[in-house]
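J.: Below: one structure in structure tokens.
The values are calculated or read from the model by the stated rules, or taken from the named source; none is laboratory data. It should be emphasised that the depicted structure is a prediction, and the values quoted were computed from it without experimental measurement. Neighbour counts are summed over all protein chains in view; Cβ atoms, including those assigned to glycine, are modelled from backbone coordinates with ideal geometry.
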């Protein structure tokens, strides 16, 4: 058997098992699914030393390959991050079960009773890079929403992903559910991704989560519908009516709390009307905190440490301690800049002008828009969803944080008393 044939057989087997498990999971009670989630959380806590050991091997190999600082930050696990994964499973278990919810119900003049009922999507394929905690988050959300899942983490987190997946499957088995309901692709062969994207007979939706090259490949090759998780080229706009102290706290947090997350601000826009009072403190705060600032002429003039900015910077998701800064002439220019260079992910305005805030919220066509808050709140957990698979920047079916409700569809249930159509 050739290597290609063997890989196709492996992936087909995974797909077939997932489809069979999805049928079982769709009919599982909320209590059973919650038991599996809580058991998986216990397994993660019990096996934390195993997970940490696997992660150390992944990190050592990544360092040898000179992975960027941002990628390493996403990859590294520690006691706190492992506890956060386990806590996330507990929180998802505590969420209401969306499956079976009656979304709407009405009667027709002929007596037909019609209801729209929430149902699982089926089998979800998830392709992601670096962050091994996505394994736990994605697995938990799929399980809670009654979906089977096939996860393909990045090669750099292969051992970590396998160790976490073993805990999730332990939870499934303990609750009497098929372990095949959650599976990770057991190979780092990049060809496996290409096969996964064509497995439309087994997979109902693909969720890609990673850099531009991964997303572009998935969009180009997939024969399966996508929840697009495009890059987070996010903006914070400090409006003319912004409180300076509030703006300083928000800007530093939005950029530097964690630079490697998709909710990090990548471009700071400062209104010309307050540039004389606000620009220097904002730029100095960033520079003093270790952030590289690439700015336009006005920004460079306030501090000699500011680097020049190129056109490409406005469209760049750095995922690092780098930010582009521009002075804009009012709300309209800020909106124009965001529309031209943004990725429709997350954008924020800092202002005490309620009318300006509402105009910003209405005009910015992004999945998440904020007023007087850090873009780092772009997170399903922070939205009360327990966790998220990603931030969808598309407009069909799901947009913004993809949680348990977004991983369901619906069907129409029609009850009659013998009606026939004339």
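J.: Of the residues in segment 390-414, how many are over 19 Å from residue 149 (Cα atoms), over 12 Å from the mean Cα position of the chain (by Cα) and surrounded by 12 or more Cβ atoms within 10 Å (Cβ to Cβ)?
T.: Within segment 390-414, residues that are over 19 Å from residue 149 (Cα atoms), over 12 Å from the mean Cα position of the chain (by Cα) and surrounded by 12 or more Cβ atoms within 10 Å (Cβ to Cβ) number 2.
J.: While we're on this one: Would segment 2-24 turn up any residue that is assigned to a loop (DSSP other than H, G, I, E, B), surrounded by 15 or more Cβ atoms within 10 Å (Cβ to Cβ), touching a residue at least 12 places away in the same chain (Cβ under 8 Å) and in the same structural domain as residue 176 (by TED's automatic domain parsing)?
T.: no
J.: Output yes when any residue across segment 372-380 is assigned to a strand (DSSP E or B), in contact with a helix residue (DSSP H, G or I) (Cβ under 8 Å, 6 or more places away or on another chain) and over 30 Å from residue 90 (Cβ atoms), and no when none is.
T.: no
J.: Against the definition (more than 26 Å from residue 379 (Cα to Cα) and out of contact with any strand residue (DSSP E or B) (no Cβ under 8 Å at 6 or more places or on another chain)), how does residue 201 come out, yes or no? Before the answer, list the steps.
T.: Values: more than 26 Å from residue 379 (Cα to Cα): yes; out of contact with any strand residue (DSSP E or B) (no Cβ under 8 Å at 6 or more places or on another chain): yes.
Taking the combined requirement at face value, the residue satisfies it.
J.: Could you count how many residues in segment 53-73 are free of Cβ contacts under 8 Å to residues at least 60 places away in the same chain and either surrounded by 18 or more Cβ atoms within 10 Å (Cβ to Cβ) or in contact with a strand residue (DSSP E or B) (Cβ under 8 Å, 6 or more places away or on another chain) (or both)?
T.: Residues flagged as free of Cβ contacts under 8 Å to residues at least 60 places away in the same chain and either surrounded by 18 or more Cβ atoms within 10 Å (Cβ to Cβ) or in contact with a strand residue (DSSP E or B) (Cβ under 8 Å, 6 or more places away or on another chain) (or both) within segment 53-73 amount to 1.
J.: If you check 369, 325, which single one turns out to be buried (at least 24 other Cβ atoms within 10 Å of the Cβ), in the same structural domain as residue 299 (by TED's automatic domain parsing) and either outside any helix (DSSP H, G or I) or modelled with pLDDT of 95 or more (or both)?
T.: 325
J.: Follow-up question, since we're still on this one. Can you name the condition, by its number, that residue 312 falls short on among (1) in contact with a helix residue (DSSP H, G or I) (Cβ under 9 Å, 6 or more places away or on another chain); (2) at pLDDT 95 or above; (3) within 21 Å of residue 262 (Cβ to Cβ)?
T.: (1)
J.: Still on this structure: Could you give every pair whose Cβ atoms fall below 6 Å, whose first residue belongs to segment 355-378 and is farther than 25 Å from residue 406 by Cβ, and whose second residue is assigned to a loop (DSSP other than H, G, I, E, B), counting only separations of at least 6 or pairs across chains?
T.: Sorted first by the residue in segment 355-378, then by its partner, the pairs are 356/239; 357/351.
J.: Looking at segment 297-314, which of its residues are in contact with a strand residue (DSSP E or B) (Cβ under 9 Å, 6 or more places away or on another chain) and closer than 23 Å to residue 366 by Cβ?
T.: Once the filter is applied, which keeps residues that are in contact with a strand residue (DSSP E or B) (Cβ under 9 Å, 6 or more places away or on another chain) and closer than 23 Å to residue 366 by Cβ, segment 297-314 yields 309, 313, 314.
J.: Another question about this same structure. Tell me which residues, restricted to segment 188-202, are touching a helix residue (DSSP H, G or I) at 6+ places or on another chain (Cβ under 7 Å), in a loop (DSSP other than H, G, I, E, B) and more than 16 Å from residue 22 (Cβ to Cβ).
T.: 188, 189, 197, listed by residue number.
J.: Also: Could you check segment 220-244 and list, in sequence order, the residues that are part of a loop (DSSP other than H, G, I, E, B) and closer than 18 Å to residue 352 by Cα?
T.: Result: 239, 240, 241, 242, 243.
J.: Separate question: In segment 74-88, what residues are closer than 17 Å to residue 141 by Cα and touching a residue at least 60 places away in the same chain (Cβ under 8 Å)?
T.: Selection gives 85, 88.
Listed here are the residues, each with its yes/no results for (1) over 29 Å from residue 399 (Cβ atoms); (2) in the same structural domain as residue 72 (by TED's automatic domain parsing); (3) surrounded by fewer than 16 Cβ atoms within 10 Å (Cβ to Cβ).
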{"residue": "262", "(1), (2), (3)": "no, no, no"}
{"residue": "288", "(1), (2), (3)": "yes, no, yes"}
{"residue": "294", "(1), (2), (3)": "yes, no, no"}
{"residue": "317", "(1), (2), (3)": "no, no, no"}
